[in-house]
Amino acid sequence: MDGSDQEDEVPNVNFVPSLLFVKRGVAKANPDKVTLTPGELARIINDTRDDLEEDGAEGMDTSDDEENEESAARLVSRAETAQASGSSSRAAATGGDEFGFEGYEQESGEPVVRLSSVAVVDPEENIQDEDDSDAEDEVIKPTDNLILVGHVQNDSASMEVYIYNEEEGSLYVHHDFLLPSPPLCIEWLSFDPGSDKPGNLCAIGCMDPVITLWDLDIQDSLEPVCKFGSKGSRKKNKPKVGHSDAVLDLSWNRNLEHILASGSVDQSVILWDMEDGTPHTIIRDFGEKVQTLAFHPTKAEALLAGSCDGLVKVFDCRATNNDTASYKSWSLGGEVERVCWSHHNEYHFVASTNEGRIHYVDIRQEHPLWSKEIHEKEITGLVLSSKVKGMLATASSDGTLKVWDYDDQDARLTYKKNPKIGVIQCLDECPENPFVMAMGGDLKTKNFTVVNLLDNDIVTNVFKSRFDPNYVQPTTEGGLPIEGVGEDASMSEGDDEEDV
């Protein structure tokens, strides 16, 4: 088989488990590029080899040897490629903001954040491209969105940074990052532990329990700028820190910017202080794996979490510590797949389950306002539009995207589409144009697509007039009514609305 045949060969495994839109104007026009000294290259390879040896010794499974060797070979290949490319920049230093939650007491512990020293900054360097069209593609314009796309192909995992320009209709991969295992969740943030200025970074949760933080303004990076957590090392006598199993979801607190929440298969949620990289609070009030999280858009203390024990909970982080948690809970009767706060009513959120149902909840009420079966299988994508009041988008393993017109009483189906990407794994909206949706699936020949809902006349007629591009959710004084410690509210059968 020649090289062209190999390129055309359909991979055995090829899917997109996670993706995320990034707003316009935050990325560098010309991202920095990495150059490596021989010493830095040797350090990365040795660190990777040590990690693989530790994993192999702990797992005692020799069947992974071949895969580990291939992973190391891919890293060496990428390192040599990066070494041959242009130089880059990044200053690495710790910041100094104070932790902001009421009632929090700083814990002692060994910091597990490790700032990368791979990239060396030369701000005066101007990278030239021989081909003008390639050079133009390299430049990120103020009208470009980034779309961060987790990609698994055969035995390799990566995050691809796409450029999407709505005006030009362009969509292409700008650069990517090799990852140690499949990326299960991605969260963008501007808080940079290595700088006192806002950055353009993303946190990634993988099958590996360690969370990695990547600088999106650096191309060809071989390692993250820092890591949250540690698998420990008997060889180096390092303790385990953080999660002990796969990280399923991440949520950045936009009101207390140095706080990142992570939910895991290990049935816990960790609130990370990104200033020093330590777990500040570990919440263990779950009976099953935690697979969805969302901080409130305007209330820094409110964290929404859904788990596979069928419960969705709103935590008051001001009154939550390692020993006790203050929360209100609703039982939804199925594994909670996704949660999302409303941007138009601070008391409302929506949650989806593996049974194809959605539940619309007012946290002041003991039972959901309404519940509805809307898909044949689990609902893996859930977006309450931030700028179009009453528009809800859902995606499912049944392969369909649906758009709903919702209010406090019900949700009415407006539009249904099969994007033909297989089992839909993830969904997100464009921050500037909420009618533009990105989806990831598992079809081997096509697993990623971007659609514009306004191409449909019905969606245009129902929702376009409601679009307010300047809408910002108002901030109110006082906290949310999350009374007591561990309050539960169960949903009875009689609370269900009529199914679709």
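For segment 216-255, the solvent-accessible area works out to 43 Å² per residue, with a probe of 1.4 Å and every protein chain left in place.
Rounded to the nearest 0.05, what FRET efficiency is calculated for GLU288 and GLU167 with R0 set to 60 Å and r the Cβ-Cβ distance? Numbers along the way, then the final one.
Values: r = 45 Å, r/R0 = 0.75.
So, using R0 = 60 Å, E works out to roughly 0.85.
Between GLU432 and LYS238, how high is the FRET efficiency from 1/(1 + (r/R0)^6) when r is the Cβ-Cβ distance and R₀ = 41 Å? Nearest 0.05.
In this case the efficiency is close to 0.40.
For segment 245-356, the carbon plus sulfur part of the accessible surface works out to 37%, probe radius 1.4 Å. Counting only protein heavy atoms and a 1.4 Å probe, segment 285-375 has 27 square angstrom of accessible area per residue. Applying 1/(1 + (r/R0)^6) with R0 = 60 Å to the Cβ-Cβ distance of ALA29 and ASP155 gives a FRET efficiency near 0.95.
Please compare each pair in LYS197/LYS387; LYS328/LYS372; LYS289/LYS387; LYS289/LYS328; LYS417/LYS464; LYS402/LYS464 to a cut-off of 20 Å on the Cα-Cα distance and tell me which ones are over it. Listed pairs above 20 Å: LYS197/LYS387; LYS328/LYS372; LYS289/LYS387. Multiplying the residue separation of ASP323 and ASP455 by 0.36 nm and subtracting their alpha-carbon distance yields 42.4 nm. Only one residue of MET274, LEU303, ALA261 has its Cα farthest out toward the positive end of the dipole of segment 233-310, where Lys and Arg carry +1 and Asp and Glu -1 on Cβ, and that residue is MET274.
The values are calculated or read from the model by the stated rules, or taken from the named source; none is laboratory data. Given the structure is predicted, the values throughout are model-derived calculations rather than measurements. Cβ coordinates were reconstructed from backbone atoms using ideal geometry, including for glycine residues, and neighbour counts include every protein chain displayed. Just so you know, the surface numbers come from the protein's heavy atoms only, side chains and all, with ligands and any DNA or RNA stripped out. Shrake-Rupley method; radii C 1.70, N 1.55, O 1.52, S 1.80 Å.
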